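Remarks on the structure that follows.
Taken together, the values in this text are just the output of simple stated rules run on the coordinates, not laboratory data. Computed from a predicted model, the values in this text were never measured in an experiment. Virtual Cβ from ideal backbone geometry, glycine too; neighbours counted across all protein chains shown.
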Amino acid sequence: MCGIVAYIGPRDATPIILNGLKRLEYRGYDSAGLAVLQNGKIEVRRDAGKLANLVELVRQQPISGAPGMGHTRWATHGAPSARNAHPHLSASGRVVVVHNGIVENFLELKAELIARGIHFQSDTDTETIVHLVEGYAAGGLNLTEAARKTFQRIEGAHGIVLMSADEPDKIVCARIGNAGGVVIGLGEGENFIASDIPAILEHTRRVIFLESHQMAILTREGISVQTLDGKTLQPQIHTVAWDPIAAEKGEFRHFMQKEIHEQARAITDTLAGRVDFENGKIRLPELNLTGQLARRIERIYITACGTAAYAGMVGKYLIEKIARIPVEVVIASEFRYSDPIVNENTVVLAISQSGETADTLAAMEEGRKKGATLWSIVNAIGSQAMRVADGSISMQTGPEIGVASTKAFTAPLVDQYMLAILLGELRGTLDEAACRALVNDLRLIPDLVGRTLKREDEIKKVALTLKDMRGCLYLGRGINMPIAYEGALKMKEISYIHAEGYPAGEMKHGPIALIDKDMPVLCIAPQDPWREKMISQIQQAKARDGVVIAVATDGDERVREMADHILWIPKTPWMLSPVITVLPLQLLAYHIAAQRGLDVDQPRNLAKSVTVE
Ligand code: AGP
């Protein structure tokens, strides 16, 4: 979704905005623009395409001044073009807006405004906002009150920033519903707004997260946070622990490659402070889980989207096996409309890297409405999915910038493993020895991750043989069946090669007809309880001239003899094996996409956080 950056202070806003947008480019990028107040006039520069086009435009036609605001767009209404790029000016050119979200009643508002003689300059819904504000201002309201009236009229979910040439000492912003975050950065004699932390991390680590139906008025000296109906609030000020380097690529070619290689540390971080190896215990204090609640849980729904949903599918195996609680994984966009069977003994567990995915937040609201206990596993601190939950587990992996999620897939696998152990201990399904054994296995994981990633060069060679394939199948069983889905999604979303994840046992019921020498088959066959079944699967594929690439455990001679290529992993406790089996598949997709010269960090049509339905 769209990226927003705004600044008010003594410095020139232009470089601050452009650098901030660069760090948000992963959120959405089919056009970009910025506006600054220069010599009492709002100057705008906008262009279609990548942010680099805007940077070049500003180099050729410089603007400087403050306050200012900028925007990278992932189009919803109005084709990607300079004309539809944000910021959008009012008719007089004295008011300007950038916006994330959808004005759901924009047709009605547009008709009203046209009837009043307003000429629209774009095809966007956003433009209705700035014309409404100007209309209210013409009626005598100042920017804050004109904005407030406007926020109360528009329907849908929004992140909005406004400024006026007639009131150069302030910027007004608002968050309404779930259209992505609005983060306010507190500086010394200057203040910032961004849709995500990395955009302002180099300037400040002190931030305020606007909640839904809140607005803020920023001046150089301070911030006033209010409800939309004008009640002043005392918001919590958070200090971001991440360092600015965390939001940089470093020596890696892409953020995705960096984040793949961060996973050993990310898992160490997600374990930090939660594992008592000496006593074989797990502590998840932010989950607010009491023994009484643990014992009365009758069902857990895990709800999420995309990669996060596949992480939840692994969590199902772990929680059912260890804590013996029935778990159902329901894709968030389905859960919210499925009239789910929920009561006070139901838990709805949402998994979300961004914590702002519209479908996932809506699924949480559905669970809340029906009386469930809401939990969430989230990476982005201060995000909505963390705030609205009764208890949450922070992935603690640091910012994930690449659109294709990697460390925010493996971290929640470990988080759910810890959750399962805690639930099992509180419900008595795990005795002390069993608990200690499971906790001890966690000690192995960071090293196993590191050893697997060291095999990148072997995986790069396999990628070279597959990079021109027209499609492929990913097959897995049991706890590694979700890894088939996740491996296929990685391949689809960054290399644009069609890939299909399938429960291996299902192949003989139809899809096996697809297998021939041109349809490679990735078989996830580690030493887990389903290995024998996977060996039979490899035999079936080979019998049909299929090219088999197997994920196998070091030393597995039977698989070595049968498969055409092996992606080796070290011996791993089977309940944690998905954390390891996914790694070669992440690297395989990455190297195929990189060898195909594709835009790995910003795949076409995708955005990092899908904050619209
Ligand atoms: C993962 O590689 C994809 N980018 C996508 O499926 C993502 O996992 C999904 O949109 C959910 O995002 P979230 O974790 O931020 O909610």
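Name the residue from Gln214, Phe252, Thr128 whose Cα lies farthest towards the positive end of the charge dipole of the chain, charges +1 on Cβ of Lys and Arg and -1 on Cβ of Asp and Glu. Checked the options; the winner is Phe252. Available extension along the chain between Trp242 and Lys41 is 68.7 nm, counting 0.36 nm per residue and deducting the alpha carbon span. Over all pairs of different C-alpha atoms in the range 308-398, the reciprocal of the mean inverse distance, the Kirkwood hydrodynamic radius, equals 13.1 Å. Toward the positive end of the charge dipole of the range 399-486, with +1 on the Cβ of Lys and Arg and -1 on the Cβ of Asp and Glu, the farthest Cα among Leu466, Leu453, Asn440 is that of Leu466.
On a C-alpha basis, how far is the centre of the range 514-588 from the centre of the range 144-167 in Å? Whole number, if you could? Distance between centres, Cα-based: 55 Å. Annotation: lysines with alpha-carbon distance below 28 angstrom to Lys370 (same-chain offsets under eight excluded): Lys316, Lys321.
The fraction of Cα-Cα pairs per 20 angstrom bin, counted from 0 for the chain, comes to 20, 49, 27, 4, 0 percent, rounded to whole percents. Can you give me the C-alpha center-to-center distance between the range 288-312 and the range 337-415, rounded to a whole angstrom? The range 288-312 and the range 337-415 have Cα centres separated by 9 Å. For the peptides 183-190, 30-37, the ranking by packing is 30-37, 183-190, with the highest mean count of neighbouring Cβ atoms within 10 Å listed first.
The aspartates and glutamates whose alpha-carbon is closer than 12 Å to the alpha-carbon of Lys50, local same-chain residues fewer than 8 away aside, are Glu25, Asp30, Asp599. Beta-bridge orientation, the chain: approximately 60 percent antiparallel, per DSSP, counting only bridges with both partners inside.
Determine, at each q value in 0.13, 0.14 (inverse angstroms), the log₁₀ of I(q)/I(0) that the Debye formula gives when each Cα of the range 352-401 is one equal point scatterer. Here log10 of I(q) over I(0) equals -0.26, -0.30. Whole-Hz Karplus values for the range 108-123 come out as 5, 5, 5, 4, 4, 5, 5, 4, 8, x, 7, 9, 7, 9, 9, 9 Hz, taken residue by residue from phi with 6.51 cos²θ - 1.76 cosθ + 1.60 and θ = phi - 60°; glycine and proline positions read x. Distance between the modelled labels on Arg604 and Ala79, one decimal in nanometres: 1.6 nm (7 Å Cα→Cβ projection). Working ranking of peptides 561-571, 105-115, 302-312 by packing, defined as the average number of other Cβ atoms within 10 Å per residue, highest first, is 302-312, 561-571, 105-115. Residues whose amide H comes within less than 5 Å of that of Gly177, counting only those at least five positions distant or on another chain, are His158, His213 (H built at 1.01 Å from N in the peptide plane). Listed from fewest to most Cβ neighbours within 10 Å, the set Val96, Val58 follows the order Val58, Val96.
Exposure proxy shown here: for Cys523, Cys435, the number of other Cβ atoms within 10 Å sets the order, fewest to most, as Cys435, Cys523.
Prolate is the label for the range 479-613, because a/c, from the alpha-carbon gyration tensor with a ≥ b ≥ c as root eigenvalues, is 1.5 or above and a/b exceeds b/c. Within the range 244-313, the GluC sites (Glu not before Pro) that combine a DSSP coil assignment with at most 13 other C-beta atoms in a 10 angstrom radius are Glu251, Glu278, Glu298. Checked against a 25 Å cut-off, the cross-linked pairs Lys258/Lys461; Lys460/Lys508; Lys249/Lys460; Lys461/Lys492 give Cα-Cα distances beyond that limit for Lys460/Lys508. Proximity of backbone amide H atoms, modeled 1.01 Å from N, is registered between Thr611 and Ala358 at under 5 Å, excluding neighbours fewer than 5 places apart on the same chain. Could you tell me which of rounded, prolate or oblate describes the range 381-482, using a ≥ b ≥ c as the square roots of the eigenvalues of the alpha-carbon gyration tensor, with rounded for a/c under 1.5 and, failing that, prolate when a/b is larger than b/c and oblate otherwise? Prolate, because a/c is 1.5 or more and a/b exceeds b/c.
On a straight-distance basis, which aspartates and glutamates could pair with Lys571 in a cross-link, Cα separation under 14 angstrom, same-chain partners fewer than 8 positions away excluded? Once the sequence-local aspartates and glutamates are set aside, what remains near Lys571 is Asp441, Asp447, Asp528, Asp554, Asp556, Glu557.
Applying 0.36 nm per residue to the separation of Gln595 and Lys508 and subtracting their alpha-carbon distance, the gain on full extension is 28.0 nm. Whole-Hz Karplus values for the range 277-293 come out as 5, 4, 9, x, 10, 10, 10, 10, x, 6, 7, 6, 9, 9, x, 4, 5 Hz, taken residue by residue from phi with 6.51 cos²θ - 1.76 cosθ + 1.60 and θ = phi - 60°; glycine and proline positions read x. Rounded to whole numbers, the Karplus 3J(HN,Hα) couplings from phi for the range 187-198 are x, 9, x, 7, 9, 9, 9, 8, 7, 7, 4, x Hz, using 6.51 cos²θ - 1.76 cosθ + 1.60 with θ = phi - 60°, and x at Gly and Pro. Applying the criteria of a DSSP loop state and at most 14 other Cβ atoms within 10 Å to the trypsin sites (Lys or Arg not before Pro) of the range 273-358 yields Arg283, Arg324. When +1 charges are put on Lys and Arg Cβ atoms and -1 charges on Asp and Glu Cβ atoms, the dipole computed for the chain relative to its Cα centre reaches about 460 debye. Compared with the rule-of-thumb size 2.2 N^0.38 Å for a compact globular protein, the range 195-272 has a Cα radius of gyration ratio of 1.47.
Grab the beta carbon distance between Gln152 and Asn288, set R0 = 35 Å, and tell me the FRET efficiency rounded to 0.05.
According to the calculation, E is roughly 0.55.
Here the peptides 372-384, 577-589 are ranked by packing, the mean other Cβ count within 10 Å, and the order with the highest first is 577-589, 372-384.
Close amide-amide hydrogen proximity is noted between Leu598 and no other residue 5 or more places distant or on a separate chain, at a cut-off under 5 Å (H modeled in the peptide plane; Pro and chain starts excluded). Once the Cα atoms are used to define both axes, helix 531-542 deviates from the longest principal axis of the chain by about 80 degrees.
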